[in-house]
Amino acid sequence: MVVAGLAVAGAMLLGDDDTGATPTTQPFTAQPIADGEWFSFVTVGEDETGAITLGVDVAEMLTGDEAKAAAVADGVIAAGEDLPNDFYTSNPEKVLELLHVSDDAGFTMLSGADPGAKIVVDAQILASLYDGTYTGEPIYGVVPGTPIAMDVTVNDGLVTGASEVYLP
């Protein structure tokens, strides 16, 4: 089963222009994401074996003057306008790289009941949050079927953990 249209062993181009074209699936040719921590938009699916995979779309979280300049360059705001918040996510390529999840990966989510609290979940619960079947403690900011802003940690080509990023 493939959740939310994630292509197994492929990368989905999410449409990086304003033509309204339907996203297309391209053969996976990019190098895997390098080891490290990456701000990303994450989707959750399964491969052909039923193992959970993450579609990781690496982006950039900008603040201050850098955020404002990028938002102007992208046509989101006009020169001289202020950003509604002091951040902007730059994501010009919008390409999902499918990564498997290590067996012991933990995902830190923001509590929907207590704004200062964090909840650590496993990959199965992350998948249920993404597909809308989750019935546990409220989690902030997760809309089923919508990419989740996360700082993703990759080691040896596997996702070993991720933390949800607060976006107001």
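Throughout, read-outs are computed from the coordinates displayed, never taken from laboratory work. Quick caveat: nothing in here was measured; it's all calculated off a predicted structure. In this analysis, Cβ positions are derived from the backbone assuming ideal geometry, glycine residues included, and neighbour counts consider all displayed protein chains.
Write down Rg/Rh for the range 50-149, rounded to two decimals, with Rg from the C-alpha atoms and Rh from the Kirkwood relation over Cα pairs. If you can, show how the numbers build up before the last one.
On the way: Rg = 16.5 Å, Rh = 15.8 Å.
Rg divided by Rh gives 1.05.
With θ set to phi - 60° and the Karplus curve 6.51 cos²θ - 1.76 cosθ + 1.60, what are the ³J(HN,Hα) couplings of the range 154-168 in order, to the nearest whole Hz, using x for Gly and Pro?
10, 9, 6, x, 10, 6, 9, x, 7, 10, 5, 9, 5, 10, x
Run the dipole for the range 64-168 about the Cα centre, Lys and Arg Cβ at +1, Asp and Glu Cβ at -1, nothing else charged, and hand back the magnitude in debye, nearest 20. Let's see the in-between values first.
Values: 3 positive and 17 negative charges, 41 e Å.
Once rounded to the nearest 20, the dipole reads 200 debye.
Quote the relative contact order of the range 40-125 in percent (integer), defining contacts as alpha-carbon pairs under 8 Å separated by 6+ residues. Can you show the working numbers first?
Details: 125 pairs, mean separation 23.3, N = 86.
The value is 27 percent.
Taking amide H positions as placed in the peptide plane 1.01 Å from N, state which residues far from Tyr140 in sequence (5 or more) or on other chains have amide H under 5 Å from it.
Amide H neighbours of Tyr140, under 5 Å, 5+ apart: Leu110, Ser111, Gly112.
Determine the shape class of the range 94-160: with a ≥ b ≥ c the square roots of the Cα gyration tensor eigenvalues, call it rounded for a/c under 1.5, and otherwise prolate if a/b is greater than b/c, oblate otherwise.
Numbers: a/c = 1.79, a/b = 1.51, b/c = 1.19.
Taking the square roots of the gyration eigenvalues as a ≥ b ≥ c, the range 94-160 is prolate.
State the Cα centre-to-centre distance between the range 120-144 and the range 40-86 in whole Å.
Cα centroid of the range 120-144 versus Cα centroid of the range 40-86: 21 Å apart.
Any chance you could run the full-extension gain for Asn155 through Thr135? It's 0.36 nm times the residue separation minus the Cα-Cα distance, nm to one decimal.
Numbers: separation 20, 0.36 × 20 = 7.20 nm, distance 3.03 nm.
Extra length from Asn155 to Thr135 when fully extended: 4.2 nm.
Suppose R0 equals 45 Å. What FRET efficiency, 1/(1 + (r/R0)^6) with r the Cβ-Cβ distance, do Asp122 and Glu81 give to the nearest 0.05?
My answer for the efficiency is 0.60.
Compute the relative contact order of the range 88-168 as a whole-number percentage, counting only Cα pairs closer than 8 Å that sit 6 or more residues apart in sequence. Each step should come with its number before you reach the end.
Numbers: 119 pairs, mean separation 26.2, N = 81.
Relative contact order comes out at 32 percent.
Can you compute the label reach from Thr63? Point 7 Å from Cα along the Cβ direction, backbone N cut-off under 17 Å, restricted to the range 87-102.
Label zone hits: 87-90.
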